[in-house]
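Asks: Take this structure, written in structure tokens, and hold onto it; I'll ask about it next.
The values are calculated or read from the model by the stated rules, or taken from the named source; none is laboratory data. Everything numeric in this text was worked out from a predicted model, so none of it was measured. Neighbour counts run over all protein chains shown; Cβ positions are idealised from the backbone, glycine included.
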Amino acid sequence: MKAPPFDLVAPTSIEDAVLALAAGADRPGGVAVLAGGQSLLLDLHHRRVRPGLVVDLRRVPGLGAVDVHGSGVRIGALVRHRAFEDPALVPGAVGRVLPVMAEHVGHPPIRELGTFCGSLAWAHPTAEWALLAVTLGAQVTLRSAAGTRTVAAAEFSTGPHATVRGDAELLTAVDLPLPPPGAGAGFVEHRRTEASFAAAAALVVLEVGDVSVRACRIGLAGAADRPVRATRAEAVLTGAPVTAESFAAAARVAAHEDADPRAEPHGPVDHRRQVLSVLVRRALVAALDDTARAGGEEAA
Amino acid sequence: MPDHAGPAGGLTRREDLRLLRGEGRFVADLALPRLLDAAFARSRVAHGVLVDVDVSAARQVPGVLGAWSARDLPDLPVVPPFGQPGVAEGRDWPALADDRVRHVGQPLAVVVAADRYRAEDGADAVRARIDALPPVLTPQDALSGPELFPGHDNVADEAEFGDPVPEEVWASAHLVVEGRYRQQLVSPFSMEARAFLAVPEGEQLHVWVSHQAPHRLRDNIAQALGLAPDAVRVQVPDAGGAFGSKSATFPEYLVVAALARRLGRPVRWIEDRAEAFTAHTHGRGQDQRTRLALDADGRFLAFELDVLANLGAYPHTGVVVPQQTALMATGAYATPHVHSRMRCVVTTTTPTAPYRGAGRPEAAYAVERTVELAARRLGVDPVQLRRRNFLAPEAFPYDTPTGRRYDSGEYARALERCVEALALDAWRAEQRRRRDDPAARPLGIGFCTYVERSGGDGPMLREFGSVEALADGTFVARCGTSSTGQGHETALAQVVADVLGVDLERIRYVAADTGEVASGVGSFGSRSMQMGGAALHLAAGELVDLARRRAAQRASEGGALVPVAGVTWTTGRLDLGGGQGIDVGDLVAATGPLRADHEFRQDAAFPFGSYAAVVEVDVELGDVEVLRLVAVDDYGVVVNPVLTRGQTVGSIVQGLGQVLYEEVPYAADGRPSLDAGLFDYLVPTLSEVPPMTLEETVTPDPGNPLGAKGAGEAGCIGVPPAVVNAVADALELDDPGTLQMPLTPAVVWRAAAGAAS
């Protein structure tokens, strides 16, 4: 568990960073970006990656901010997981669910160093932040020496530890749209120990009217090789009465139609579907409870 | 008697200040001039013909001093077997793979470089050509499959204990229950993986190693390298855990020792965590079948245990384990007929070896799961059923049908204490309440009463202790045991301080150094206090007698007639009567070295205890939450309760690991599915530790001068059956055959779904 040889540069501006990436992209083994290092160092030590060059982002100014604006939040490339433990960081349903999700990211030392954007770039198939980004319909900003482009979060990851980001591109920020006031959010995760990755997780954002579901977003982790929206379950639930039966029906659709899980050691497919169904149902209940909190907050 | 009262009535560990300050000295901390690092290129193929190992590219890597395959080192010795030499015949274990590879992780070549980074770069560049053969991953497959060592049966060893149960006993019994249990393969997982440093010093070889049995290792290395035993010195510095897995003489040790001599430079191999998953040994790995016959009153008539054990690729290290399981098949019960049989097979998994408990957890599991299954079938309280069948205190010493002589025990007392500490009635009431509430998560209570063996067997039932008085008034205690983190500097020195009546600070404890300690067996099988402590206790007493005789003689030479009986020892001073006396340090200064050696021998001891677990099951997900654990252990007389408590807690957590989380899962291609390391192989951490109550009973060991039995392996014996029994109770499973360890959510969900349908 010792890293293979690599060169290291620590640029002090975004411009220099993307130039370094462009230069490193042609090297054997390519180039890697170091932000929090919580995944990259492990991959290096296991020799799962062998970049010729590592670009250390930590001296680049302007990447450490969380900017809340009217309809969304912009998260810079150096924002640590720990920032999201603060319930006052972001308003509304997303602000309330972020600390719940943050608690499931690694453990405290990892949250102190690891970054939100780094997690997206690493693209673990059950990562909490990728689930959040996909569920909310986030936009990922990629910058290279050639210019800047944005990619929808749902299009960003193409599988386990694979994304559309080119080696010469730097993930500079993620924009999370925020649901309207009154919405509730619920997140439930299944993992075997406190230090484990999620085996599966469900994130729900729910808007309810007097008797029926006005709108919903249901995101699943552990249902495919990347986080996905449960669009069929969303369609079943939208307009349905706010009842335990509707929730259970949507959960079944999510687990059996939207999800396409693969067997893993200790995780046969039938159990994974069962878990997803239970998680979606419980996340819906949690989101419904949260809409009550939303009402309270807005009244206050 | 000096005051040893610490926070919990025992001394806290005097080694902790050093360790907590980061001042511990482990093998990897030993900085030597011209030190080289070794790394091994290892097989990624489970089984195959090794056609070629090409180390030429490795030799070109900058910083690499050399790279060798088996072909380059024709004089490399084979790995010596441990326990039963016969099993190695025809099944040579080469230090580097020669014609075959037999498990993923087997060393193919070694690379030596100026540091571990460059050594790994070199190991990366080694190329092997292997013509793959089908892997053999389970004991059952080994029974039916082709011979892995041509000309030699895959069954490397088999034995039976006790007389076969007469057929009419089964036929006429009121009830016969049968169980099938699987002990999964687990990784022993010490914080520090293996570490070995060989330093050539002229014709001598000085070895620093994280190890449990330095004297045996010294003999093995000397013999393998063709050296006299005293040409090799083996020393164990601070060590970060072993749990039974650092007791053998491993292939890597022989390679590194040979290279250090060949290169004339210190060479070390510091195994890393990822490497250890496949390169180090596994623990457990048994398929078990049980049968228990009872009469209408619930009395046990007969018990039968059949063990089919996986030894892994080579039988050398694991063969001693399943025999322990079979020998301990009697459990805590007065069952008139007990018969056990064990067969050990070679496969193509990583070799197995003793792991904390080493055969006794497997035995207790088989017995205690079957006992609770019988209770459920009979509809009787499992506590009552045990009470009815326990060996009575007056039955000891008891010769079990399977060939053990139990020294002493009060099994019912430990169970009563467990039931009280648990407040069983309150939990049963809560269980009933939940059974009436469809929304409540089911709750279950499970027990385990275990008997285990400590001290060792056969030639290992001895230990060396020595106490020397120095002229400066201090003492040196030397012992043949080897601490890998248990706190011997405190506990074993404390034994000596107690006899001498002096402060602990005056005792320097020396162990695990073959250059300093004349002989030794080591630390495994919960033997250090029972065997080493007793040896030191007796040696210290002999030192006092020697000092008294010498003081009397000296006084007599000076003209005064002092009988030995007139000399008393108090706190390191010899009182000659009449106001005359001499400090022992002055006596040494005046008369020369004063030292007593003792080789202690004793039969094995049999600690015991009762465990209870309360669990809650989320039947929708299959999650098990342990709400409460109660452990009542009887280690005989406890010398240092702070240390035994630490041993119990650590062992309990490892038991939780086996029952809920841990397994080395082999894929069909023969590779363990552990690419993500500790994200795949889950070990419990502080977050997974449930509320627990630890209590003890004390039944002194009749054959031990301290009254001590072994401590240290109880938790991982008691916890797994208690937890699985509790889950079976929660789910009201009549046939808990579906509940096999580890109790993953998928396993529990399936069992719960089966029970509901």
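Asks: Among the strands (runs of 3 or more DSSP E) confined wholly to segment B:586-690, which include 1 or more residues that are within 21 Å of the chain's Cα centre (by Cα) and surrounded by fewer than 22 Cβ atoms within 10 Å (Cβ to Cβ)?
Replies: B:594-601
Asks: Just the residues that are in contact with a Ser or Thr (Cβ under 9 Å, 6 or more places away or on another chain) and under 19 Å from B:P85 (Cα atoms), please, taken from segment B:145-158.
Replies: B:L148, B:N154
Asks: When segment B:705-722 is examined, which residues are found to be within 14 Å of B:A605 (Cα to Cα) and surrounded by 24 or more Cβ atoms within 10 Å (Cβ to Cβ)?
Replies: Those that are within 14 Å of B:A605 (Cα to Cα) and surrounded by 24 or more Cβ atoms within 10 Å (Cβ to Cβ): B:A708, B:K709, B:G710, B:A711, B:G712, B:E713, B:A714.
Asks: For segment B:464-572, give me every one of the strands (runs of 3 or more DSSP E) that falls completely inside it and has 3 or more residues that are touching a helix residue (DSSP H, G or I) at 6+ places or on another chain (Cβ under 9 Å).
Replies: The qualifying strands (runs of 3 or more DSSP E) are B:475-479, B:507-511.
Asks: Are any residues in segment B:395-451 crowded, with 19+ Cβ neighbours inside 10 Å and more than 24 Å from B:T370 (Cβ to Cβ), and if so, which ones?
Replies: Residues satisfying the conditions are B:D407, B:S408.
Asks: Follow-up question, since we're still on this one. Residue by residue through segment B:169-224, note down the ones that are part of a loop (DSSP other than H, G, I, E, B) and under 30 Å from B:T685 (Cβ atoms).
Replies: Scanning segment B:169-224 gives B:S187, B:P188, B:F189, B:S190, B:M191, B:E192, B:A193, B:R194, B:S210, B:H211, B:Q212, B:A213.
Asks: Here is a list of conditions, (1) crowded, with 23+ Cβ neighbours inside 10 Å; (2) part of a helix (DSSP H, G or I); (3) out of contact with any helix residue (DSSP H, G or I) (no Cβ under 6 Å at 6 or more places or on another chain), and B:A242 meets all of them except one; can you say which number that is?
Replies: Result: B:A242 passes all but (2).
Asks: Please find, within segment A:184-215, the residue that is farthest from the other protein chains (Cβ to nearest Cβ) out of those that are assigned to a loop (DSSP other than H, G, I, E, B) and hydrophobic (A, V, I, L, M, F, W, C).
Replies: A:V211
Asks: Would you confirm, using the coordinates I've provided, whether B:E452 is among the acidic types (D, E) and in contact with a strand residue (DSSP E or B) (Cβ under 6 Å, 6 or more places away or on another chain)?
Replies: no
Conditions (1) more than 22 Å from B:R284 (Cβ to Cβ); (2) within 14 Å of chain A (Cβ to nearest Cβ); (3) touching a Lys or Arg at 6+ places or on another chain (Cβ under 8 Å), marked per residue:
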{"position": "B:A604", "(1), (2), (3)": "no, no, yes"}
{"position": "B:V624", "(1), (2), (3)": "no, yes, no"}
{"position": "B:T648", "(1), (2), (3)": "no, no, no"}
{"position": "B:R671", "(1), (2), (3)": "no, yes, yes"}
{"position": "B:L674", "(1), (2), (3)": "no, yes, no"}
{"position": "B:M692", "(1), (2), (3)": "yes, no, yes"}
{"position": "B:T697", "(1), (2), (3)": "yes, no, yes"}
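Asks: So A:H271 ticks every box in (1) touching a Phe, Trp or Tyr at 6+ places or on another chain (Cβ under 9 Å); (2) part of a loop (DSSP other than H, G, I, E, B) but one. Which box is left unticked?
Replies: For A:H271, the exception is condition (2).
Asks: How about segment B:251-367: which strands (runs of 3 or more DSSP E) wholly inside it have at least 1 residues that are on the phi > 0 side of the Ramachandran plot?
Replies: Because the criterion is at least 1 residues that are on the phi > 0 side of the Ramachandran plot, the strands (runs of 3 or more DSSP E) in segment B:251-367 that meet it are B:283-294, B:300-312.
Asks: If you don't mind, there's one more thing I want to ask. Suppose the filter is closer than 30 Å to B:V689 by Cα and more than 12 Å from every other protein chain (Cβ to nearest Cβ); does A:A286 pass it?
Replies: yes
Asks: Still on this structure: Could you look through segment B:107-143, keep only residues that are assigned to a loop (DSSP other than H, G, I, E, B) and out of contact with any helix residue (DSSP H, G or I) (no Cβ under 8 Å at 6 or more places or on another chain), and pick out the one that is nearest to the other protein chains (Cβ to nearest Cβ)?
Replies: B:D115
Asks: Ok, one more. Pairs needed: first member in segment B:463-474, assigned by TED's automatic domain parsing to the domain that holds B:I582 and in contact (Cβ under 8 Å) with a residue 40 or more places away in the chain; second member anywhere, part of a loop (DSSP other than H, G, I, E, B) and aliphatic (A, V, I, L, M); C-beta distance under 6 Å; at least 6 residues apart or different chains.
Replies: Close Cβ pairs (under 6 Å, with a partner that is part of a loop (DSSP other than H, G, I, E, B) and aliphatic (A, V, I, L, M)) amount to B:E463/B:V521.
Asks: Further, regarding this structure: Tell me, yes or no, whether segment A:53-67 has at least one residue that is within 14 Å of chain B (Cβ to nearest Cβ), over 25 Å from B:A274 (Cα atoms) and not polar (S, T, N, Q).
Replies: no
Asks: Separate question: Pairs under 9 Å by beta carbon, first residue within 12 Å of chain A (Cβ to nearest Cβ) in segment B:264-279, partner surrounded by 20 or more Cβ atoms within 10 Å (Cβ to Cβ) and among the β-branched types (V, I, T), six or more apart or different chains?
Replies: From segment B:264-279, the pairs are B:I270/B:V27; B:F277/B:T350; B:F277/B:V664.
Asks: Of the residues A:L136, A:L170, which is surrounded by 21 or more Cβ atoms within 10 Å (Cβ to Cβ) and over 16 Å from the mean Cα position of the chain (by Cα)?
Replies: A:L170
Asks: Would it be correct to say that B:A676 is aliphatic (A, V, I, L, M) and either in contact with a helix residue (DSSP H, G or I) (Cβ under 6 Å, 6 or more places away or on another chain) or on the phi > 0 side of the Ramachandran plot (or both)?
Replies: no
Asks: In addition: Take the residues in segment B:744-757 that are hydrophobic (A, V, I, L, M, F, W, C) and over 26 Å from B:L175 (Cβ atoms), then tell me which one is modelled with the lowest pLDDT.
Replies: B:A753
Asks: Taking A:L42 as meeting all but one of (1) free of Cβ contacts under 8 Å to residues at least 40 places away in the same chain; (2) within 14 Å of chain B (Cβ to nearest Cβ); (3) in a loop (DSSP other than H, G, I, E, B), write down the number of the exception.
Replies: The failed condition is (3).
Asks: Starting from residues that are under 13 Å from B:E201 (Cβ atoms) and charged (D, E, K, R), keep the ones in segment B:252-266 and report whichever is surrounded by the fewest Cβ atoms within 10 Å (Cβ to Cβ).
Replies: Only one residue tops the list, namely B:R261.
Asks: Something else now. When you go through (1) in contact (Cβ under 8 Å) with a residue 12 or more places away in the chain; (2) at negative phi one by one for B:D425, which number turns out not to apply?
Replies: (1)
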